[in-house]
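Just so it is clear, none of the values below were taken in a lab; they were calculated from the coordinates. Keep in mind it's a predicted model, so treat the numbers as computed, not measured. Because the Cβ atoms are built from the backbone with ideal geometry, glycine has one as well, and the counts that use them run over all protein chains shown.
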Amino acid sequence: MGGLSTPRSFLMNAQTRIGLLASLTMAGASPALAQTTDAAATPAKPEASAPSGAAASYSQELVAKGDALFHGSGNCYACHGSKGEGLVGPNLTDAEWIHSKGGYDEIVAQINHGVPKEESKSGIPMPPKGGATLSDDDVKAIAAYVHSLSHK
């Protein structure tokens, strides 16, 4: 028999998927409690212009704008988790970078171009700009925030 051909088995399969998604969402929030992101411990970088390369420098204001966008209209948190520790998208707080070396300019490029399904570790693509309507300045701010998460 077909296994998934009956309406009942489809409903059970959908319920299982919803349960799994809820579990992953809940699990993604817990590990963050063990880490702190004390902005006061990291000195503010003086330059307000867009950072570049490994020697990225950006203002705390740019990071704060990126934080607001990451958790707001950018919807980045939906895949990367509220603390950036990953859900269906990868962890952005550690030193492991999948598609680049994690430099600021590389993060800007990654946000702009996204990740095709074929290159995604989870098999779930990231559309360009995360599928959100973001300006170039918004992308640079989000990149500053993401860069700050893993380059403390």
Considering region 129-152, residues that are among the small types (Gly, Ala, Ser) and in contact (Cβ under 8 Å) with a residue 24 or more places away in the chain, and then whichever is surrounded by the fewest Cβ atoms within 10 Å (Cβ to Cβ), we arrive at GLY131
Filter region 71-128 for residues that are touching a residue at least 60 places away in the same chain (Cβ under 8 Å) and in contact with a Ser or Thr (Cβ under 6 Å, 6 or more places away or on another chain); the one that is surrounded by the most Cβ atoms within 10 Å (Cβ to Cβ) is GLY84
